Each structure stands twice: as structure tokens, then as C-alpha cells.
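What follows is a set of notes on a single structure, which appears directly below.
The values are calculated or read from the model by the stated rules, or taken from the named source; none is laboratory data. These figures come from a predicted structure and were not determined experimentally. So basically every Cβ, Gly included, is an ideal-geometry build from the backbone, and we count neighbours across all protein chains shown. SASA here: full protein model, heavy atoms, side chains in, ligands and nucleic acids out. Shrake-Rupley method; radii C 1.70, N 1.55, O 1.52, S 1.80 Å.
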Amino acid sequence: MSLKKSVLYVVLAMLFISLFFAGDQLSEQMRQQMARNFAVMPYVLLIPLTGLPMGLIIGVHWLIGEVRKTGRWLIRWEKMIFFGLPFLYLMLYPALFYSNITFLILPVNTFSLTLLNAHSAIIGGMAFGYAVVTSFYKAEEKSEKR
């Protein structure tokens, strides 16, 4: 077991846990503010962004491994489109719903009301952040023989 890797994992875990508690505290303060002022928009814009840094932290280990490789940077577009975009939509759904962008929101039913939950938006932000970080990779350049 490498001491350097162990320290990295401890630092990442502490950072993730502190972001989790900070996001929870922010969420609670925003919820109370929303209840006092009936202002929904700041809440639905800021709460989904609390999950994004956590997703980036989860995927940073992948990125560190890729930085050490040689080659040129590429993007896994399939992952960004088929994994990242649905979670981006999940993350932004409350903001889209309350901004009255009708062509992007689902009809009101049990499923769409579940998407309005702050936890769904935070999980969507985490998954989107992870998808963004892990979509970048380095491909080794192949030398051609002449």
C-alpha cells in the first residue's frame, strides 16, 4: 500500500465529506429563505450546483491517472451525450420547471414531481460532474512505420 495514494484518498474523502455537509447546510438555509420570502428561483438555481463539485471530486482520481499518461486528449462523446446529458437535465429540471420553459419540462405527474426534489437535483449534479471528468482521456499516439 502506497502512502502517497492513501493520503490522496484521505484528502479526497475529507473534501467530499466537507462539501457534503456544506451543501446540506446551504440547502437548509436556502429552504428556510425560500419559506420566508417565497422566492423559489435562487433555491432551484443554487441547490443543484451543490452536487456538481462532489461529482468532480469523485472523478478526479480518473483525471489524475489520465494526466500522467502520454498522448493527446480526447473526449468520449458517447458518454457525455448518453450519460452526462440526462443527468444535466436531472440537475437543471427544477430551474427549468420554475422558469416556465414549457417545451423542456415533463407534464405534471408523480415522476416530474419527484424530479423537483432537491435530492434528485443534487444526485444529478454529482453524476453529471463525474461524467464530465471521466469523459476526458488520453489516447496514445501510434507511430507509423515508413
Q | Condition check for Y89: in a helix (DSSP H, G or I), touching a Lys or Arg at 6+ places or on another chain (Cβ under 8 Å) and hydroxyl-bearing (S, T, Y) | A | no
Q: Identify all residues within the stretch 16-68 that are at pLDDT 85 or above and not in a helix (DSSP H, G or I); write none if there are none.
A: R68
Q. In the stretch 26-40, which residue that is closer than 27 Å to A13 by Cα and in contact (Cβ under 8 Å) with a residue 40 or more places away in the chain is nearest to the chain's Cα centre (by Cα)?
A. S27
Q: Kindly check whether there is at least one residue in the stretch 102-116 that is closer than 26 Å to P53 by Cα, small (G, A, S) and part of a helix (DSSP H, G or I).
A: yes
Q: Taking A13 as the residue in question, decide whether it is hydrophobic (A, V, I, L, M, F, W, C) and more than 21 Å from Y93 (Cβ to Cβ).
A: yes
(Q) So in the stretch 41-56, with the set limited to residues that are free of Cβ contacts under 8 Å to residues at least 60 places away in the same chain and hydrophobic (A, V, I, L, M, F, W, C), which one is farthest from A13 (Cα to Cα)? (A) M41
Q: Provide a single number: the residues in the stretch 1-37 that are over 17 Å from H119 (Cα atoms) and among the acidic types (D, E).
A: 0
Q. Considering A39, A13, A22, A35, which residue is small (G, A, S) and open to solvent by 60 Å² or more (accessible area, probe 1.4 Å)?
A. A35
(Q) List pairs: first residue in the stretch 99-128 and without any contact (Cβ under 8 Å) to a residue 60 or more places away in the chain and of a type in the set (G, A, S), second residue open to solvent by 70 Å² or more (accessible area, probe 1.4 Å) and outside any loop (DSSP other than H, G, I, E, B) anywhere in the structure, Cβ distance under 7 angstrom, at least six positions apart or on different chains. (A) S120/T114
Q.
Could you go through the stretch 126-136 and let me know if any residue there is over 14 Å from the mean Cα position of the chain (by Cα) and modelled with pLDDT of 90 or more.
A. yes
Q: Tell me, please, whether a residue that is in contact (Cβ under 8 Å) with a residue 60 or more places away in the chain and open to solvent by 90 Å² or more (accessible area, probe 1.4 Å) can be found in the stretch 132-142.
A: yes
